[in-house]
Amino acid sequence: MAGLDVRGLSVSLFTRGGVLPALSEVSLSVQPGRTLALVGESGCGKSMTALAIMRLLPEPPARIIAGKVMLGDTDLAALPERRMLGVRGKAVSMIFQDPMSSLNPVVPVGQQIMEVLRRHENLSGSAARTRAAELLTLVGIPDAEARLDEYPHRLSGGMCQRVMIAIAIACRPAVLVADEPTTALDVTVQAQILELLKRLQAETGMALLLITHDLGVVAEMADEVAVMYAGRVVEQGPVDAIFAAPLHPYTRGLLGATPSGGTAGRHTRLADIPGSVPSLAELPAGCAFAPRCKLAHAACTAQPPLKAEAPGHLAACFAALGVPAHAA
Amino acid sequence: MLRLLRRRLLQGVPLILGVIIMNFLLIQAAPGSFLDVMSAESQVSDPAMLEQLRVTYGMDQPVWLQLVKYIWSVARLDFGFSYRQNMPVLDVILASLPATLVLMLASLLIALLLGVTAGVVAAVKVNTIWDNLLSFLAVLFFAAPSFWLGIMLTVLFAVKLGWVPVGGMMSITASNQGIVATVLDVLHHLALPAMALGLFYAAVYARVMRAAMLEVLSLDFIRTARAKGLGRWRVVLAHGLRNALLPIVTLFGLQFGTVLGGSIVVETVFSWPGLGSLMLDSVSSRNYPVVLGVLVFSSIVVILVNIAVDLAYLRLDPRIRAR
């Protein structure tokens, strides 16, 4: 099975007000059977990255202007739309944040699962139906055969997300992109969905790109973490290293702003990150985080490169990498 | 489903009653009566004879009594008597009804086919030259009065090009040429009036369809459908269209009545022998029993169509079924 390797992906929004850099040189890679968590605040480009990988960007205004999205030996970013149709839902699948609105309200869920089987696996009506029922059982929906004829509004949010997952894994994809799959769900259901994703990953060996802003989910699920800020990956590495020794001030801020849940955390004040994410139209020159950063110095007016501090642990920060102020 | 049908039918009864009362009083308030026309046409001036006619048609009684009697007779499907055709009003209406139904169905078919197609194409190709062109045509046909459009179509296709006849519903010779030839002949005559009537509604449907489709296409499940690897048109037709059709179905029900009204103008322009022509003729000859009959009859039709629309909603949207 092939993993996903995103190299230097840049996406721009071509608006009337000018060209806005939505993603800048994003590089990620997820190996089969592994999970990469993509974290960051709202608007930092996590979902944009997912949509760019799927080639589902709203075009116009968005367009991939540079970079590769390698799935095995195939560059998805360069694939013509006709061939991309054969990749979506088959080799790379995606599930979304709000499962209730992600299913077509006027079509029974069974039909919606069977549709992808007919599209990619050439299954006929009854074979597709049998397989759809198997898939529903696989994602933990009891009485699957009867559920096939239910409409989405009759199912709970968790059930709908299970159906979405059934659709996504129907063709045993190499890569599953999960864009905030538990954000819209109740906390108890969140854990079930995450468990389900883990189990399915263990069974199929698919690579999982998990987009979330919930660091609890990251700790639970991820092998690797990539932290995004203002359309760039600012830190990347194994989950333990990131949690134990975050390099980038933004990552430290994120961790500091997360309640730890234990008794120790009860009396500690949460540290917020001052200021807010700059809009794409007003990105500062150099490091986009500099205006909110306590460690910012003169060098930060240049864009810091993503450099390895420890093996496999990269950060894009002059201060973290020990570059003195006079060096730039 | 049956319960809903029964409830809607029951709700229709007071509605029809209201329609009868309003139209009845409106016509009472209008000046003149068919006796004036009759006496003028047949040179009757004998007051005794006129008085006898007034008694025969019950016009000597108080208005409220006439109204009650009328309602009672309508309840027994008796719409009164037409002096002009010398037939019961119901027979007169039923004789003209098929022509109007054919015209209405043909124009609504044209409107739905053209309108929905144009709306979908405009939404999918939004902000392109196709979208602009279709929007321009929609505004054009929306703004053009149907009598003017009818006359222009006649001038071009009937007079200049000679492709279709200028008016009427069938050729005089058609009736003895067998069923197929008759149907073709009627279709030949139908083309222009159906266009004149249908293009306006096509324009309305196109605009509503475009807006509804644009909204649906921005919804999350469309992205899901694309993420499954479905092609653009498959996404639009299999996932977008059925969700976007709901406003069109509503509009269809609401407009059924105005199509009936619109057919008065178009039927007159194309001398189409339907309810519209009958209505115009009856108004100008003060044949009020027929006028009232057509009004009541068409409101019953409109109410029935709207009940059918409600039932169609149930089929189209499972979320409504659940309630």
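Since every read-out is calculated from the coordinates, none of them should be taken as a lab result. Just so it is clear, the structure is predicted and the values come from calculations on it, not from any experiment. So basically every Cβ, Gly included, is an ideal-geometry build from the backbone, and we count neighbours across all protein chains shown.
Just a few scattered comments:
- Shape descriptor for segment B:2-89: Rg over Rh equals 1.10 (Cα atoms; Rh from the Kirkwood inverse mean 1/r).
- Theoretical FRET efficiency, 1/(1+(r/R0)^6), r = Cβ-Cβ of A:Phe243 and A:Ser279, R0 35 Å, to 0.05: 0.75
- Furthest towards positive pole of dipole, B:Gly119, B:Leu140, B:Leu184, structure part chain B, Cβ charges: B:Gly119
- Helix axis angle, B:179-217 relative to chain B longest principal axis, alpha carbon, degrees: 50 degrees
- Here segment B:219-323 is treated with +1 on each Lys and Arg Cβ and -1 on each Asp and Glu Cβ, and its dipole about the Cα centre works out to around 880 debye.
- Working from Cα pairs under 8 Å separated by at least six residues, relative contact order for chain A is 20 percent.
- Amide H contacts under 5 Å for A:Leu123, placed H, 5+ residues apart: A:Arg118
- Of every Cα-Cα pair in the protein assembly as shown, the percent that sits beyond 34 Å: 60 percent
- Computed from Cα atoms, the angle from the helix B:275-284 axis to the main principal axis of chain B rounds to 40 degrees.
- The charge dipole of segment B:2-89, taken about its Cα centre with unit charges on the Cβ of Lys, Arg, Asp and Glu (plus for the first two, minus for the last two), comes to roughly 920 debye.
- Average Cα contact separation per residue, segment B:167-292, under 8 Å, 6 or more apart, as relative contact order %: 27 percent
- Chain B: angle of helix B:2-29 to the longest principal axis, Cα-based, in degrees nearest 10: 50 degrees
- Phi to ³J(HN,Hα) by Karplus 6.51 cos²θ - 1.76 cosθ + 1.60 over segment B:288-302, Hz, x for Gly, Pro: 5, x, 6, 4, 4, x, 5, 4, 5, 4, 6, 5, 4, 4, 4
- Distant-in-sequence amide contacts of A:Ala66, defined by a placed amide H-H separation under 5 Å and a gap of 5 or more residues or a different chain, comprise A:Ser10.
- Label sites at A:Asp272 and B:Val139, each approximated as a point 7 angstrom past Cα along Cα to Cβ, lie 4.9 nm apart.
- Environment charge at B:Gly274 (Cβ cut-off 12 Å; Lys +1, Arg +1, Asp -1, Glu -1): -2
- Note on the protein assembly as shown: helix-only mean residue ellipticity at 222 nm, from DSSP H runs of 4+ residues weighted -39500 (n - 2.57) and normalised by residue number, equals -17000 deg cm²/dmol.
- For B:Asn287, the amide hydrogen comes within under 5 Å of no other amide hydrogen, counting only partners 5 or more places away or on other chains and with H modelled in the peptide plane.
- Computed over segment B:2-89: relative contact order in percent, which uses C-alpha pairs under 8 Å that are six or more apart: 17 percent
- Members of A:Lys68/A:Lys294; A:Lys68/A:Lys307; A:Lys90/A:Lys307; A:Lys68/A:Lys90; A:Lys46/A:Lys198 lying beyond 23 Å, as alpha-carbon distances in this model show: A:Lys68/A:Lys294; A:Lys90/A:Lys307
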